[in-house]
Each structure stands twice: as C-alpha cells, then as structure tokens.
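One structure below.
The values are calculated or read from the model by the stated rules, or taken from the named source; none is laboratory data. Please read all numbers here as calculations on a predicted model, not as lab measurements. Virtual Cβ from ideal backbone geometry, glycine too; neighbours counted across all protein chains shown. With ligands, DNA and RNA removed, areas are computed over all heavy atoms of the protein, side chains included. Shrake-Rupley method; radii C 1.70, N 1.55, O 1.52, S 1.80 Å.
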Amino acid sequence: MTEPSVNLQAASEPAPATASRPARDFLWLVVLAASGIVVGLLWWLLAPGGLNLVSGNPELSNPDNPESWLPRDLILAALMLVSGCAAGLMLDGKLEGASASRRLVLALLGGAAGALLAWLTGLLAAQLWGPPANPALGPGYGFTLRSYAVLLLWTGATAFVTFVLSLFGVLSKKPVK
C-alpha cells in the first residue's frame, strides 16, 4: 500500500527590495553636491578678498587687490583637492559588485556639482557679506575665481584616488595556484 503524497507549497518569501539600493547609490550624488555649499562657505571664510582668515594680511582683504587673486584661487584649489580625496577614500571598498560603476559615476557627478555649488556659494557669500564691488574697476574685479580649471580638481582627485586604491587592491591580491 502506498500512502497518498501531500504537496505542501512553501510560502513564497518576498523578494528583497532592489529599489532601495539605487536610491542609496544616489546619495553619492546628493551628499557630495550638498557638501559643495560647505566648501564654498569655507572658501569665502578662508580666502583673501573674503573674510581672509588664512593670511590675516589687511592688504589682501581687499578683493580688488590683484595680489589676492592667486592665493584666493589656491585656497579653493586646496579645498577641492581635499574634498575629492575624501570622496575617493569614502568610495574605497564600495566599488565591488554590480552597481560599482554606477556609484563611481554618481560620485564623480556629485563632485562636479559640488564644485560648481562651492564656486557659486563663495560668490554669493561675497555678495552678501563682503564689500560691494567697485563698478569703476569692471566686472573682473572683486571676489571672483580667476582659474576655472580649479573646478575640475574635485572630480579629478576623486577619480585619481579611486584609481590608485583600486590598483593597490588588485596588486595586493595573491595569485591563484
């Protein structure tokens, strides 16, 4: 005699939520872009022609002084490099898996947006809290950025740090025997 077999279907488990992962990846874009506002405020606080906290030289506090142009651009360049290196270090270890390229692209886009927001925030801070621009000197004077290539440093530093850390990760793996 054979007993009838009973088929019990297992209760189906819900599929893991895949929509939360891409949404979390977009935080790379949003957080890095929003940090550009902080970088822009720091630029105005530290740079000559702004609040001039780095040098403290009263001659450089005038934004119309051509002597303050190079240090002002260098302050923003340093802030962009630090921000890009920090973003690259935060990406280390998160570039594995299926969405690694999406995370990297979003971080690079966030760095580019952050650089633009930093520049515009610094200009806005100068208009709000700085001395008024002298119209007799022309539009090229005042708290401005002279070298627009500085805006590429954030994204470039992120890409370079990510490349170097990925290269070290590949080179440190032991070969398979």
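Tell me which residues, restricted to region 15-46, are of a type in the set (D, E, K, R) and open to solvent by 70 Å² or more (accessible area, probe 1.4 Å). Listed by number, the residues that qualify are R21, R24. If you go through region 141-173 and keep only what is touching an Asp or Glu at 6+ places or on another chain (Cβ under 7 Å), assigned to a helix (DSSP H, G or I) and over 14 Å from A118 (Cα atoms), you end up with just L165. Would region 111-123 turn up any residue that is free of Cβ contacts under 8 Å to residues at least 60 places away in the same chain and either loosely packed, with under 15 Cβ neighbours inside 10 Å or in contact with a Lys or Arg (Cβ under 7 Å, 6 or more places away or on another chain) (or both)? No, there is no match, as no residue in region 111-123 is free of Cβ contacts under 8 Å to residues at least 60 places away in the same chain and either loosely packed, with under 15 Cβ neighbours inside 10 Å or in contact with a Lys or Arg (Cβ under 7 Å, 6 or more places away or on another chain) (or both). Applying the criterion of being modelled with pLDDT of 85 or more and of a type in the set (A, V, I, L, M) to the residues of region 155-177, the residue that is nearest to G84 (Cα to Cα) is A157. Of all the residues in region 82-102, those that are open to solvent by 80 Å² or more (accessible area, probe 1.4 Å) and either under 23 Å from A118 (Cβ atoms) or assigned to a loop (DSSP other than H, G, I, E, B) (or both) number 7.
The conditions of being outside any helix (DSSP H, G or I), surrounded by 17 or more Cβ atoms within 10 Å (Cβ to Cβ) and in contact (Cβ under 8 Å) with a residue 24 or more places away in the chain are not met by P71. Could you tell me whether any residue of region 121-133 is part of a helix (DSSP H, G or I), closer than 30 Å to G49 by Cα and within 17 Å of the chain's Cα centre (by Cα)? So far as region 121-133 goes, yes, one or more of its residues are part of a helix (DSSP H, G or I), closer than 30 Å to G49 by Cα and within 17 Å of the chain's Cα centre (by Cα). Scan region 53-61 and give yes if some residue there is farther than 29 Å from S172 by Cα, of a type in the set (S, T, Y) and either buried (at least 21 other Cβ atoms within 10 Å of the Cβ) or touching a Pro at 6+ places or on another chain (Cβ under 9 Å) (or both), otherwise no. Yes, the conditions are met somewhere in region 53-61.
For G49, the conditions (1) within 22 Å of V164 (Cβ to Cβ); (2) open to solvent by less than 50 Å² (accessible area, probe 1.4 Å) all hold with the exception of (1). Return the residues of region 125-169 that are open to solvent by 100 Å² or more (accessible area, probe 1.4 Å) and either β-branched (V, I, T) or within 30 Å of L89 (Cα to Cα) (or both); say none if nothing qualifies. Listed by number, the residues that qualify are Y148, L152, F160, F163, F168.
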